[in-house]
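Written out below as structure tokens is the structure these notes cover.
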Amino acid sequence: MKLGSLLLAATAFAAAQNLPDVLKQGEAVFSKSCATGYCHGARGTNGGAPRLAGRGFDQAFIANTVQQGIPSTAMPAFGATLSRADLTAVVAYVASLNGVTNPVITVSGAPPGPSIARLTGDAARGRNLFSDSVRSFGRCSTCHEIGGIGIPVATPIGKVPADTAALKALSTPQVSTVTLGGESMPALIVSKKANTVVFYDLTSAPPVLRTESPSSVQTGEGSTWRHSSVIGSYNEAELSAILSYLRAVVKP
Amino acid sequence: MRIPALLFLALLPLSAQDAGVTRADWPHYGGTQFSWRYSALDQINTSNVKNLLPAWIFQTGDYTEYLGSTPIVADGVMYLISASARVFALDAAKGTVIWQYRYPTPRAGIAGSHSDFIQNRGVAVSDGKVIFGTRDNFLVALDQKTGKELWKVSVDDPKQCGCNNLAAPLIVKDKVIVGGNGGDQAHRGYLTAFYTKTGRLAWRWYVVPGPGEKGNETWKGDSWRYGGGAPWLTGSFDPDLNLVYWGTGNAAADFYDTDRVTAGASKTRDVNLYTASVVALDADTGKLRWHFQEVPDDQWDYDSSYEVLLMDRQIKGQMRKILVHMNKSGLTFVLDRATGEFISSFNVPELSNWISGVTEDGKLVGRNEPEMGKTKNFCPSTAGAKSWNSTAYSPRTGFLYVPAMELCMDITPNDTKATEGRFYMNGDFPTRLPPNRSTYSHVDAWDPITGKKIWSVPYKYVLLASMLATGGDLVFTGDPEGNFFALDARTGDKLWSFQTGAGHRGASISYSVNGRQYIAVTTGFQQTVVGSAVIGLFPEESFRAGSTLVVFALPEASR
């Protein structure tokens, strides 16, 4: 599930219903995603990329270009990275720069999902802790991806531990032991084929995806690796907040 | 006084000489870890360069953008990476493909962040591996013999940080060190070292110190969290001092400092550490040994992330271990590389209005800053008095060769608040052509010790490719119109030129195989970022994209 964009959409839905609001939202999206210095510049007039204001573009052309991008150029396809509401708003805004006085502002597409913006208290705090960049590689998102944030080393979280004690005691039967060149290491095997063994080396964070020939590695069941050893940057209250976040967003 | 070259060579200790020059191989991004981009090869020289002809041409087939990487050559094999990370091992004498590797197209990151820009500045080769960064911010190691992937590690999450690493990694003994893009987003820059053998983390050093660390007090409130400083190019290494040198990026937000600098704070030195600085780190631990901040409270995007040239030179009768470092503003600093002590500075561009000068102890005076609610014109532009393409240094002439630009910009600041990973420059900064000029760049030769410009060759448009200096007393670079040319290193006289068919935004190198010297140049002009800004300035021209390597040598009969 593309949680991130749905959640963004949810916020946008609440905020934007009339044209001035939509255009304001569109301008905000534009300034963060399109006006970025090396691209179109403020109001689509001042950047390195082609000028967008006063070009006589119609809304359908703008919508198509924004969603699909332009192949073989730096113009990306925003269809996958912006929410429906943000897409609609930014297209309407660029249309307004091209003299379209009454752009379509109806948001089509999926209805809003559960809102991260609506997360409050511990769950909201837990969301920030989960991917807290101040913790560098000591954060959950070094190995777990939720809502498009994080590196999907581990399989998606399907079951949330009941409490912090359970989180620390988490059993990780998938983690095995790989021996390579006389060194044993905790490993998460990704694939074993005739020519290659691909595994994450969990010796230290961040995990390293390694590709070796089957003849050079030995794999063994089980490992001394423990989940509790990689969550040490968080205290008890922080872990508890992270669990609140997981309970709010992980659907069994 | 011009010191005769022979006498000059005699004065140089052998170690620095060896550490700075390349011969048959081109082992590192900057030639060697001293970053001179100087080849001692002299088969091609001022008297015969006119006979230079293409020996072979290689098209990468990756025409989405441009070819901006610096090739590596080791034992007759060239390692080349294209903009969207296709990696090739080529027979360096013939151009035939030994192996090729294609990095899968990554998922989109944050719109408008660096993940949208398709580029790569080079691979590093060491320990039997070819190592490079990716748009989705992994560091990948391939088997040097086969091109098969050996390890891959995530440097950071691009969907959160808006950052990635596309500069050539720096090899330092058993480690590979990478910085990262991201200074234009709300991001806190760092350098990260991994072991070449396993891909495991060795150390990470944050440019912006966290709470409790020295330097954090130079940041207002929580602004350190997204303080920028991303060191987005490639550093240098001195094995004798065991120090890694790197230039760091500007403070973020760029053009608006109210959220990061306490009102009324002195801006003489050490504001928003360690942004816009040259830093020296212990190569084994990543611990900071010294710093020199070049642009305290950088409000012009004059970040200091450019190459750091290490050399030993006579200064006032004493042999000194120095470094020479130019930042985007064109201000070039000469520092003692053991201590970070300021020795001297000189200013490369003709147009410069952001400060009135530099004191004898290296402090900026007469700051002319952007102002909220106003649009002000500044020179140079954010494209720099030089862009990220490198200078070169010849130990034979003692000169630094600089592709300098004369561009300005209009800065209009805004006070947008930081959102992690999102664009955070806080201003509009369109590039402007300065009035009353007919040329907008020049290749210069500078004596870094006296700070004197020795010669200067003007060019109509802007030069955006790296320099190469050789033992044949030649200096090579290319222009956006497609000309690749050689100048006399002592006089600047143009001795040879060849139309390669696409603009130059990459680098040239020299190497030899079986006694034959080659000059290789990447061609294909950048269509985004600085490239697009430049294209917009000269609408009458088309600075063509492409992705082709052209390799020159003297005809067999004439050498």
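Where a number appears in this text, it was derived from the coordinates with a stated rule and is not lab data. Quick caveat, the model's predicted, so the values are computed rather than measured. Reconstructed Cβ throughout: ideal geometry from the backbone, glycine too, with neighbour counts over all protein chains shown.
Amide H to amide H, with H built 1.01 Å from N, B:ARG320 comes under 5 Å of B:ARG313, B:GLN314, B:ILE315, counting only residues 5 or more places away or on other chains.
Among B:ASP312, B:ASP444, B:ASP18, a tally of other beta-carbon atoms within 10 Å of each Cβ gives an order, fewest to most, of B:ASP18, B:ASP312, B:ASP444.
Using 0.36 nm per residue and subtracting the Cα-Cα separation, the extra length available between B:GLU360 and B:ASP284 on full extension is 24.0 nm.
What number, rounded to the nearest 500 deg cm²/dmol, is the helix-based mean residue ellipticity at 222 nm of chain B, given -39500 (n - 2.57) per DSSP H run of at least four residues and division by all its residues?
On the way: 4 runs with 27 residues, N = 559.
Value at 222 nm, helices only: -1000 deg cm²/dmol.
If you average 1/r over all unlike Cα pairs in the protein assembly as shown and invert the result, what Kirkwood radius do you get in angstrom? Don't jump to the answer; show the numbers that get you there.
Numbers: mean 1/r = 0.0366 Å⁻¹.
For the protein assembly as shown, inverting the mean 1/r across all distinct Cα pairs yields 27.4 Å.
The modelled label-to-label distance for the pair B:LYS374/A:SER233, using points 7 Å beyond Cα in the direction of Cβ, is 4.2 nm.
Compute the convex hull volume of the Cα atoms of segment B:421-559, divide it by the residue count, and report the result per residue in Å³ as a whole number.
On the way: hull volume 25.7 nm³, N = 139.
In segment B:421-559, the Cα hull volume divided by residue count equals 185 Å³.
Normalised radius of gyration (Cα atoms, divided by 2.2 N^0.38 Å) for segment A:175-220: 1.00.
Cysteines in the protein assembly as shown lacking any other cysteine Cβ under 4.7 Å from their own Cβ: A:CYS34, A:CYS39, A:CYS140, A:CYS143. From largest to smallest, the equivalent ellipsoid semi-axes obtained for segment B:5-558 from the alpha-carbon gyration tensor read 33, 26, 24 Å. Across segment B:429-443, rounded Karplus estimates of 3J(HN,Hα) from the backbone phi angles (6.51 cos²θ - 1.76 cosθ + 1.60, θ = phi - 60°) give 8, x, 6, 10, 6, x, x, 6, 10, 10, 10, 10, 7, 7, 8 Hz, Gly and Pro being marked x. For segment B:311-364, the Kirkwood hydrodynamic radius comes to 12.0 Å, computed from all pairs of different C-alpha atoms.
State, as an integer percentage, the relative contact order of segment B:454-504 based on alpha-carbon contacts under 8 Å between residues 6 or more apart.
Details: 92 pairs, mean separation 15.5, N = 51.
Reported as a whole number, the value is 30 percent.
Legend: translational diffusion of segment B:173-308 by Stokes-Einstein, Rh = Kirkwood radius over C-alpha pairs, 25 °C, 0.890 mPa s; D = 167 µm²/s.
Taking a quarter of the surface of the convex hull around the Cα atoms of segment A:103-242, what do you get in nm²? Walk me through the numbers on the way to the answer.
Numbers: hull surface 49.6 nm².
One quarter of the hull surface, i.e. the mean projection, equals 12.4 nm².
Between segment B:222-272 and segment B:478-542, the C-alpha centres lie 32 angstrom from each other. For B:TYR63, the amide hydrogen comes within under 5 Å of no other amide hydrogen, counting only partners 5 or more places away or on other chains and with H modelled in the peptide plane.
When averaged across all projection directions, what area in nm² does the alpha-carbon convex hull of segment B:58-194 cover?
The Cα convex hull of segment B:58-194, projected and averaged over all directions, gives 7.8 nm².
Working note: Cα gyration tensor of segment B:357-407, eigenvalues times five, square-rooted, sorted largest first, giving semi-axes of 29, 17, 7 Å.
Quick one: length gained pulling B:LYS460 to B:ARG367 fully straight, 0.36 nm per residue minus the C-alpha distance?
Numbers: separation 93, 0.36 × 93 = 33.48 nm, distance 3.00 nm.
So the chain would gain 30.5 nm between B:LYS460 and B:ARG367.
Between the alpha-carbon centres of segment B:175-219 and segment B:414-438 there is a gap of 25 Å.
Counting other beta carbons within 10 Å of each Cβ, put B:ASP298, B:ASP447 in order, fewest first. Present the calculation step by step, with values, prior to reporting the outcome.
Numbers: B:ASP298 30, B:ASP447 17.
Arranged by neighbour count, lowest to highest, B:ASP298, B:ASP447 become B:ASP447, B:ASP298.
For segment A:130-135, backbone phi angles converted through the Karplus equation (6.51, -1.76, 1.60; θ = phi - 60°) give residue-by-residue couplings of 3, 10, 4, 5, 5, 7 Hz, Gly and Pro being listed as x.
Under Stokes-Einstein, with the Kirkwood radius over Cα pairs as Rh, the value for segment B:470-542 at 10 °C and 1.306 mPa s is 117 µm²/s. If the cut-off is 18 Å between C-alpha atoms, which aspartates and glutamates fall inside it for B:LYS197, apart from same-chain ones fewer than 8 positions away? B:LYS197 reaches A:GLU183, A:ASP201, A:GLU212, B:ASP127, B:ASP143, B:GLU149, B:ASP174, B:ASP284.
For chain A, how big is the tail of P(r) above 21 Å, as a whole percent of Cα pairs? Result for the distance tail: 67 percent. Computing FRET efficiency as 1/(1 + (r/R0)^6) for B:ILE57 and B:LYS145, where r is the C-beta to C-beta distance and R0 is 30 Å, gives about 0.75.
Kindly put B:THR522, B:THR359, B:THR46, B:THR196 in sequence by how many other C-beta atoms sit within 10 Å of each C-beta, fewest to most.
Numbers: B:THR522 31, B:THR359 11, B:THR46 20, B:THR196 25.
Ascending Cβ contact count within 10 Å gives the list B:THR359, B:THR46, B:THR196, B:THR522.
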